[in-house]
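Where a number appears in this text, it was derived from the coordinates with a stated rule and is not lab data. Keep in mind that this is a model prediction, so the values were computed, not measured. Backbone-built Cβ (ideal geometry, glycine too); neighbour counts: all protein chains shown.
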Amino acid sequence: MDQIILKYLNNEMNIDDQHRLSKWLDEDPKNRQILTKIELYWKSSDPSAQSAKNRIWLQLLDEIDLSAGYHGQKESKKFHVTWYHMAAAVALLITSSWLVYNFWSGSNLSNSDIIRVVEKVAPVGKKLELQLADGSTVKLNSGSKISYPEVFEGNSRQVVLTGEAFFDVVRNESTPFIITTDNINIEVLGTSFSIQAYEDESFSEVFVRSGKVRVSDPSGRSFVDILPAERATYDKRENILSRSSIENSAAAFGWMDGRLVFEDEELAVVFRRLSRWYGVSVSYDKIALKEKKITINCKDCSIQELMESLSYNYEFDYKINGDLITIF
């Protein structure tokens, strides 16, 4: 949390930082008081109060259960040692500041000072639909997570996505809509598109249904603009971002209507998708089945129906035991 709080003090937080800070503040009422006092200390500005500043800074360390560690007497039980590094960094950066003597009677941080960040998760085997504060709608595929502020403020609308989602973004030319994933960033003004950015996949993809979408790589130096019926693909292993046409719209958007589509896809990719889609685990011999490529186009199929079809067409046996599927 040390770096997050320093970002907060410098007004440098992104949406993910806001989410982490919000969760930390909710964990314990004392955390909000601690942040208030750190913030007041940060904003003070008179070098003549050095002794009082040092005394109260040690009191602050005592309150966050680190002053004992600072003196080498015992190890803090509640906070990681990086809290001391954060405290030292703050002290160093405000050596020219002054400390108001009613520091400890300062008001608590109000709820309005921190934008509350909402986190929604579509668990494996489930999908989720939601509406954001600007009226934009999001459909989350199974095994996906999105974080967003309750209210969009400032000159952009930022959300964080892990997994797969379809966005229908309300147009606002003065406030771009920005989606951050673990390896690509997407920026739009108003459009509809689908993003596939699961952390355990080698590729991340964006498929455009309407409007214009800008996709950039992690560095932000490389980007592509894609239009309807186009897609952007980011190869994580090769660090390559490319643009191409959508050859099969059902493969890009069919998941929203309960359609599972693969075209000549690697078995490992198929089984990972099945695990998220149905909430199951799949065990198989990765070497024996390595060369198999799978094609599926199935709407609202049960896992039993799907496995029966796959086993017949691709010549393997299987066994379903609860949420475990064993292939042999």
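Shown is the FRET efficiency for VAL118 and ASN155, computed with R0 = 30 Å from the Cβ-Cβ distance and rounded to the nearest 0.05: 0.90.
Counting 0.36 nm for each residue step from GLU129 to ILE303 and taking away their Cα separation leaves a gain of 60.3 nm. As a proxy for reagent exposure, ranking ILE184, ILE178, ILE294 by other Cβ atoms within 10 Å from fewest up yields ILE178, ILE294, ILE184. The distance between label points at LYS293 and ASP16 comes to 3.4 nm (points 7 Å beyond Cα on the Cα→Cβ vector). On a 32 Å Cα-Cα criterion, which of the cross-link pairs LYS23/LYS286; LYS127/LYS236; LYS127/LYS319 come out too long? Those over the limit are LYS23/LYS286. For SER204, SER249, the sequence from fewest to most other C-beta atoms within 10 Å is SER249, SER204.
With 10 angstrom as the radius, rank PHE193, PHE223, PHE207 by how many other C-beta atoms surround their C-beta, starting from the fewest.
On the way: PHE193 28, PHE223 16, PHE207 23.
Final ranking by Cβ density, sparse to dense: PHE223, PHE207, PHE193.
Site pair THR137 and SER219 shows an inter-label distance of 4.0 nm when each label is modelled 7 Å from Cα along Cα→Cβ. Projected label points at ASN248 and SER283, each 7 Å from Cα along the beta carbon direction, are separated by 3.0 nanometres.
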